[in-house]
Structure formats: structure tokens, C-alpha cells
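The values are calculated or read from the model by the stated rules, or taken from the named source; none is laboratory data. Source: prediction; values computed, not measured. Here the Cβ positions follow ideal geometry from the backbone for every residue, glycine too, while neighbour counts run over all protein chains shown.
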């Protein structure tokens with residue numbers, strides 16, 4: 001089999017298959033987190049970003065190569081989560097720029113598009129770091145330009161790119177010390193290779209399993225609400241059990257009943273998904289083949305209307321025409337309540353393991369009627385998505401690059417209603433430099449870090465982004481962490497205990513901290529955060 005060019009339909013299939021491949025392997029990517037903590041989320045973030053791209057190309061008609069690529073870029077832009085997701089969205093944006101005006105893609109066109117994708121992603125990152133997804137994208141694109149001079153078969157061309165990308169990925173630990181110490185390769189680069197593998201599968205017919213197709217399609221289906229009128233109102237899904245099925249015949253029989261159709265499976269089990277106005281007639285066609293099960297019919301118009309009503313109600317419930325508004329990100333009911341006590345307008349549930357998308361920030365911004373809106377991401381992996389939302393919005397948005405909950409709270413304490421937006425921004429930026437963050441969690445795998453041996457299940461003390469202590473006892477590790485973090489100049493230690501920490505244990509820790517640091521004011525609050533036993537704010 002030889003493929004010499006890619007048209008819009010084939011590109012669409014390649015993007016969908018790339019998303020499916022990444023979804024099926026996201027836990028492999030997640031496991032490559034440098035710290036062995038339970039919040040490795042690169043694979044999840046990249047997968048959700050790709051799924052948002054898939055949703056866009058499935059929800060809209062792309063008649064040309066340029067339109068399909070632009071839909072994918074726009075979808076990934078709004079759905080980008082975490083730094084890896086934002087970089088991936090920029091790669092898709094650059095790819096769309098690279099094929100502008102093309103009616104079909106040869107290997108040479110594809111190589112140029114991959115190079116433009118890499119260039120665009122590098123420009124979007126303020127301080128590009130080598131040994132990451134950026135390196136894998138750039139070096140494989142540079143190799144693609146060379147390969148395309150002789151290779152005209154797109155299948156062979158992509159196979160060679162994947163081989164090159166794998167070799168580059170193996171070298172990432174030599175470029176980043178933290179990767180070598182942890183004994184892993186770059187997770188973002190690995191995720192990109194899974195996308196390439198899926199795209200190759202769309203060309204060769206070696207596509208992911210039907211279970212993988214179900215996972216990606218179910219996610220798309222739940223998000224598949226188009227603004228304005230919905231042409232086909234019923235999302236219809238079912239499985240046919242049959243002795244011998246002709247999938248192509250079934251596709252032809254139901255294709256005119258709606259859109260977003262997916263018919264996959266084998267001779268004995270067929271999964272059907274379609275948006276239609278006549279679910280009964282589609283089911284009749286299924287019955288002609290065999291027995292039906294797992295039938296699911298959702299009224300998307302009703303769901304869409306209810307969501308709009310809820311959003312309008314939320315908007316109207318907010319104070320109107322304020323000078324200042326605030327959006328922040330956190331997880332845990334206790335921390336959410338603390339931020340609301342500071343009159344934060346919109347708290348996005350998220351953080352470690354669940355990075356909000358650009359769309360999440362845009363939605364939050366649109367619910368607040370204020371002249372100036374401050375965003376507090378409270379996580380270094382969320383800042384890029386917040387800044388991306390800022391560029392999309394036409395409101396006065398100020399992103400304060402808070403990397404932790406303690407920094408977010410400190411920024412709010414520095415805010416003064418009487419100050420101008422510019423003065424408040426300066427004061428908040430200065431304030432977050434004066435707070436230190438320390439956290440206690442647990443290891444999810446055996447590894448080593450800075451020559452420290454770590455076993456799965458160990459308690460980890462992390463201070464200012466570095467593992468400061470390892471042990472088996474929560475209290476001992478917490479005290480060791482604070483001993484390494486608190487200095488003579490510090491005056492306040494605030495303890496936020498998580499959902500897996502007993503109040504009695506937290507109170508015992510508070511008493512020990514007061515004994516060890518008598519010159520500091522020690523405060524204890526229920527944070528309710530998952531995964532982290534304690535979050536310490538030190539000022």
C-alpha cells in the first residue's frame with residue numbers, strides 16, 4: 001500500500017486516530033512524571049486537548065484541508081490544559097498555518113507543516129527548554145524536511161519520522177538532568193509520538209481497538225454541543241451483537257439520518273454512534289442485523305438549553321458592573337471556601353491531576369461583569385492556559401502567575417480595592433515573592449531524586465519545587481520539611497490539611513510546629529485538598 005498525498009478526509013481521520021492513540025496510552029505518559037507523586041497528568045492534559053480538537057472537527061463541516069486543520073487548531077486552543085496541552089495546541093496552530101492554501105499534502109508539504117508547527121510552538125513559550133516535547137517536535141520536523149527530499153510515500157515518510165522521534169526521545173534525559181535522575185524520558189515527547197503513531201494507523205488501517213474508539217467517542221459525545229441551533233437533536237448509541245455483520249452496508253444505510261456517525265467493530269460486535277432526528281429508524285436498521293444492547297438516546301437540544309439557562313443564571317447571580325473581579329483555581333472544599341471568603345467571584349475546580357482548559361478560564365471570565373479581572377492559577381502548569389484565555393478575551397485581564405495556593409491567598413491579601421489595576425498588579429506580584437510553599441504527599445513508584453532513594457508509598461516532603469525529605473511517617477517527614485524550609489526571618493506558618501488527613505493528626509502537628517518555631521504564628525485550616533496531606537504557607 002502506497003499513499004502519495006493527504007486530502008481533507010484523510011487528515012481528519014489521522015487527527016482522530018492520533019487522539020485515540022494518545023487516549024489509549026495516556027497513563028503510560030502520566031507515569032513518566034519526574035516526581036513520583038500521584039499527580040502526573042501530562043498524558044491526561046494532552047489527551048483532553050486532542051479530544052477538544054476532535055470535538056471541533058466532528059461538530060463542524062471541514063470541506064478543505066485548511067478548514068480541517070483550522071478546526072483542530074481552534075478546538076485544541078480552547079481545550080488546552082496544562083503546559084503540555086498549550087504547547088500541543090500551538091503545534092496544531094502552526095501545522096494549520098503551514099498547510100494554508102493547500103488542496104492536498106505531499107511529503108514535502110507535510111514536512112514544511114511540521115516545521116512551521118515546531119517554530120510556532122517555540123515562539124509561544126517564553127523560555128523554551130530543550131529535552132522536552134519542543135525538542136522532539138523540532139528535531140523530528142528538521143529530519144522530516146530531509147526525508148521528504150527523497151521519500152514520496154507518506155506512510156514510509158511518517159514511519160521514518162516516528163523512528164527519528166523515538167531516538168530523540170531517548171536522548172531527552174541527556175538534555176535534562178531531572179529526567180536522567182528520575183530514570184524517565186520526557187512525557188510530552190512521548191505523548192507526541194503516540195499521536196504520530198495514531199496518525200500512521202489511519203493510513204495503514206492498523207487502527208486502535210473498538211474499546212479505544214468508545215473511550216474517545218464517549219468523551220466527544222458529552223462535549224458535543226454546538227452553539228446556536230442543533231440540526232440533529234438526538235445522540236443515539238447502541239451495540240449490535242450479530243453472527244456476521246457488514247459494517248459498510250450499515251454505514252451506507254444510516255449515513256443520511258444524521259451526522260457525527262461512527263460505526264466500528266468486527267463481524268460479531270458493532271458499536272454505533274450517530275446524531276439524528278430519527279433514532280427509532282436508526283435502531284430499526286440495527287435490528288435488521290441482530291440483537292441490540294446498551295441503547296442510549298440523549299436529547300442534545302434539551303441538554304444544550306438547560307446548560308444555557310444555568311450559565312445565564314450564574315451570570316445574573318454575580319454582582320454587576322464591579323471594578324474588580326477574581327478567578328482562581330483550587331481543589332478541596334476547605335480551600336474553595338477560603339477563597340470565597342476573599343470574595344473571589346469564580347473558583348475553578350482543578351489543580352494537580354486536573355488542569356483547567358483555556359475554555360474553562362474563558363467561561364469564568366464571561367460570567368464576571370467587572371472592569372478588570374485578576375486570574376490566580378495557583379499552579380505552574382496552569383499559567384499558560386490562563387494567559388491563553390487572556391489573549392482571547394477582550395476584557396482587561398491580569399494574570400498573576402501564582403504557582404501555589406499559598407501564593408494565591410497572599411496575592412489576594414495584598415489586593416487593595418482603592419488602588420488602580422496597575423498598582424494592584426505590582427503589589428500582588430511583589431507579595432507572592434515573599435511566601436514559600438511546602439507540601440507533603442506520597443510516592444507512586446520506586447525511583448531516586450538527587451541521590452535520594454524513594455520507594456513506592458514513601459511520604460514525600462516537597463519544598464519550593466524540590467524533594468526535601470523522604471520517610472514512612474507522615475509527622476516525621478512534615479517536621480523535617482519545615483525544618484529545612486522555615487528560616488529565622490519567617491513569621492507566619494499556615495497549615496492546610498487535606499481530605500486524607502485526620503483533624504486530630506493535624507492538631508498534633510500544629511502543636512509540634514508551635515514548639516519548634518516559638519517565634520512564628522501558627523495557623524491551622526481544613527483545606528480538603530486531595531493527594532496532599534499538608535500544604536504549608538510560610539511567610
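Annotations for the structure displayed:
- Any hit, the range 265-283, residues being touching a strand residue (DSSP E or B) at 6+ places or on another chain (Cβ under 8 Å), over 21 Å from residue 61 (Cβ atoms), surrounded by 15 or more Cβ atoms within 10 Å (Cβ to Cβ) and at pLDDT 85 or above: yes
- In the range 60-71, the residues that are outside the structural domain of residue 110 (by TED's automatic domain parsing) and modelled with pLDDT under 95 never reach a residue that is outside any helix (DSSP H, G or I) and surrounded by 15 or more Cβ atoms within 10 Å (Cβ to Cβ) with C-beta atoms less than 8 angstrom apart, at least six apart or across chains.
- The one condition in (1) modelled with pLDDT of 75 or more; (2) within 27 Å of residue 395 (Cα to Cα); (3) in contact with a helix residue (DSSP H, G or I) (Cβ under 9 Å, 6 or more places away or on another chain) that residue 341 fails to fulfil: (3)
- Residue list for the range 374-404, filter: out of contact with any helix residue (DSSP H, G or I) (no Cβ under 9 Å at 6 or more places or on another chain) and not in a loop (DSSP other than H, G, I, E, B): 391
- Whenever a residue of the range 403-429 is more than 27 Å from residue 82 (Cα to Cα), its partners that are in a helix (DSSP H, G or I), lying with C-beta atoms within less than 8 angstrom and at least six residues away or across chains, give the pairs 416/423; 416/424; 416/427; 419/427.
- Per the conditions (1) more than 31 Å from the chain's Cα centre (by Cα); (2) surrounded by 13 or more Cβ atoms within 10 Å (Cβ to Cβ), the sole criterion not satisfied by residue 495 is (1).
- For the range 338-361, filtering for residues that are surrounded by fewer than 16 Cβ atoms within 10 Å (Cβ to Cβ) and assigned to a helix (DSSP H, G or I) leaves 2.
- Among residues of the range 321-337 being more than 25 Å from residue 500 (Cβ to Cβ), more than 23 Å from the chain's Cα centre (by Cα) and modelled with pLDDT of 90 or more, the one that is surrounded by the fewest Cβ atoms within 10 Å (Cβ to Cβ) is 323.
- Residue count for the range 172-186, restricted to those that are farther than 19 Å from residue 453 by Cα and without any contact (Cβ under 8 Å) to a residue 24 or more places away in the chain: 0
- Any hit, the range 117-126, residues being part of a helix (DSSP H, G or I), over 17 Å from residue 195 (Cβ atoms) and in contact with a strand residue (DSSP E or B) (Cβ under 7 Å, 6 or more places away or on another chain): no
- None of 435, 399 is under 22 Å from residue 531 (Cβ atoms) and touching a residue at least 24 places away in the same chain (Cβ under 8 Å) except 435.
- Number of the exception - residue 208 against (1) in a helix (DSSP H, G or I); (2) at pLDDT below 90; (3) in contact with a helix residue (DSSP H, G or I) (Cβ under 9 Å, 6 or more places away or on another chain): (1)
- Taking the range 337-362 as the range and being within 23 Å of residue 80 (Cα to Cα) and touching a strand residue (DSSP E or B) at 6+ places or on another chain (Cβ under 7 Å) as the test, the residues that pass are 345, 346, 347, 348, 350, 351, 355, 356, 357, 360, 361.
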